[in-house]
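Below is one structure; the comments refer to it alone.
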Amino acid sequence: MTARYRVRWLELLLLVVSGGIQVLGFVLLSVAQHRHLVTSDLRYPVVFIVSTIALSLWLGRAAPGADQFLLPVVTLLTGVGILMVTRLDSGLGHRQVLWTLAGELAIAIVLALPRSVTQLRLYKYTWASIGLLLIVLTILGGTDINGSGYRRWIGFHGVYFQPVELLKILIAVFFAAYLDEKHELLASARIRLKMIRLPPFQYLAPLVLVWGLSLALLVKQNDLGSALLFLGIFLAMIYVGTARAVYPVTGIAMFVVGAIGAFHLFPHVRDRTEVWLNPFAHSSTTGFQLVQGLIALSSGGIGGQGLGLGMPYKVPVVTTDFILAAIGEELGLAGVVCLLALLLFLVFRGLTIGIGSEDGFQKLLATGLVATIAIQTIVIVGGTTRLMPLTGVPLPFLSYGGSSALADFLMIGLLLKISAEAGTVP
């Protein structure tokens with residue numbers, strides 16, 4: 001950590017603008033619910049804004065050269081997420097604020113430790129082993145905290161987290177370290193299978209093994225959304241690391257074959273596919289959630305019903321899987337487009353950070369982290385709008401969830417640290 005301190009004025013200005021938008025949102029919600037402003041309703045945005053400004057000041061000490069756009073964009077997205085979760089369930093809103101504060105603390109720790117992001121590459125197999133072990137422990141002794149029928153949480157005394165959220169970061173670190181170490185060997189094909197050239201299997205085996213174990217464990221948990229996410233991360237990183245299209249093309253072909261097989265082998269995959277193809281034929285049973293979400297989105301129109309004036313609570317699991325439906329109903333298409341534009345900007349900013357880094361490991365890690373955010377967004381937005389079958393992954397920074405909030409903020413902390421060490425992003 002450098003001793004040089006610098007006030008990050010651009011970041012602070014953007015944080016003030018972001019904070020003003022959040023306060024305005026809570027004012028509108030309070031007026032809609034109580035017919036007048038209740039000052040106690042503003043405690044969540046005030047606490048969050050103060051903590052975020054404190055984090056910015058800490059950035060001026062720990063990483064003065066870090067990107068100044070990441071934190072304001074994340075703050076605005078997270079603030080809207082807290083606003084919508086609070087509107088739907090005030091108790092969950094309170095818990096989301098606490099998890100967000102924990103996430104900001106995680107960013108502060110990441111900026112201070114380790115001294116350099118590249119130190120993470122020294123323990124690549126350790127990180128992968130820890131992540132896989134957590135998933136195994138979840139399968140053996142996990143808890144179903146919401147009655148979904150799936151034991152995907154571990155913890156005690158009312159504090160639980162989903163290990164898969166941590167696994168996606170640990171696996172990204174492993175992929176980045178391994179690809180940086182072996183990218184020349186993986187890029188230079190030596191084995192020819194007709195028109196396809198592949199590297200010696202011993203170099204590809206560790207990547208495939210770790211990815212395959214992750215996929216198998218997630219399928220064992222019936223967590224197909226996370227399995228799809230890990231496939232996307234794997235394909236994106238191996239393509240960037242080797243610059244060879246044969247890997248993602250082969251991976252996509254294998255995915256298509258696997259999806260067809262899963263359709264015939266797993267009843268819940270078949271049910272979700274049938275609901276996706278014709279949700280209204282199952283509107284009273286398995287398609288009820290999707291139909292209610294589509295109705296909520298359509299009733300919002302362009303400008304939305306207004307904060308606190310819609311009925312998004314009629315959508316099952318609206319605070320997590322279907323938070324976009326709630327946003328669409330009360331903020332309209334305009335609100336949804338603005339939030340997706342912010343997420344898109346965040347992705348492109350992360351890619352800029354990766355391109356600006358001269359260190360191969362940092363470049364690949366930034367790519368993996370950004371791919372995680374992008375693929376999660378595509379999967380959940382596609383599922384909510386019926387562009388693809390619905391899978392249970394959270395919308396980054398917007399959905400309720402302590403594990404996902406911590407993971408999202410950890411990824412932002414790593415991106416900030418990479419940008420500070422690269423020193424090429426304003």
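Numbers for the structure displayed
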| read-out | value |
| --- | --- |
| Residue 288 touching a residue at least 12 places away in the same chain (Cβ under 8 Å) and buried (at least 22 other Cβ atoms within 10 Å of the Cβ) | no |
| Among the candidates 102, 128, 108, residue that is closer than 30 Å to residue 206 by Cα and under 20 Å from the mean Cα position of the chain (by Cα) | 128 |
| Lone qualifier among 152, 95, 115 - being modelled with pLDDT under 90, under 26 Å from residue 414 (Cβ atoms) and surrounded by fewer than 20 Cβ atoms within 10 Å (Cβ to Cβ) | 115 |
| Residues (surrounded by 23 or more Cβ atoms within 10 Å (Cβ to Cβ) and touching a Lys or Arg at 6+ places or on another chain (Cβ under 8 Å)) located in region 401-414 | 407 |
| Residue in region 381-396 that is surrounded by 22 or more Cβ atoms within 10 Å (Cβ to Cβ) and part of a helix (DSSP H, G or I) present | yes |
| The listed residue being closer than 24 Å to residue 227 by Cβ, modelled with pLDDT of 90 or more and part of a helix (DSSP H, G or I), out of 256, 336, 347, 291 | 347 |
| Among residues of region 48-63, those that are surrounded by 15 or more Cβ atoms within 10 Å (Cβ to Cβ) and either in contact with a helix residue (DSSP H, G or I) (Cβ under 8 Å, 6 or more places away or on another chain) or of a type in the set (Val, Ile, Thr) (or both), counted | 11 |
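The values are calculated or read from the model by the stated rules, or taken from the named source; none is laboratory data. As the structure is a computational prediction, the values presented were derived from the model and not from experiment. Note: ideal-geometry Cβ built from the backbone for every residue, glycine included; neighbour counts use all protein chains shown.
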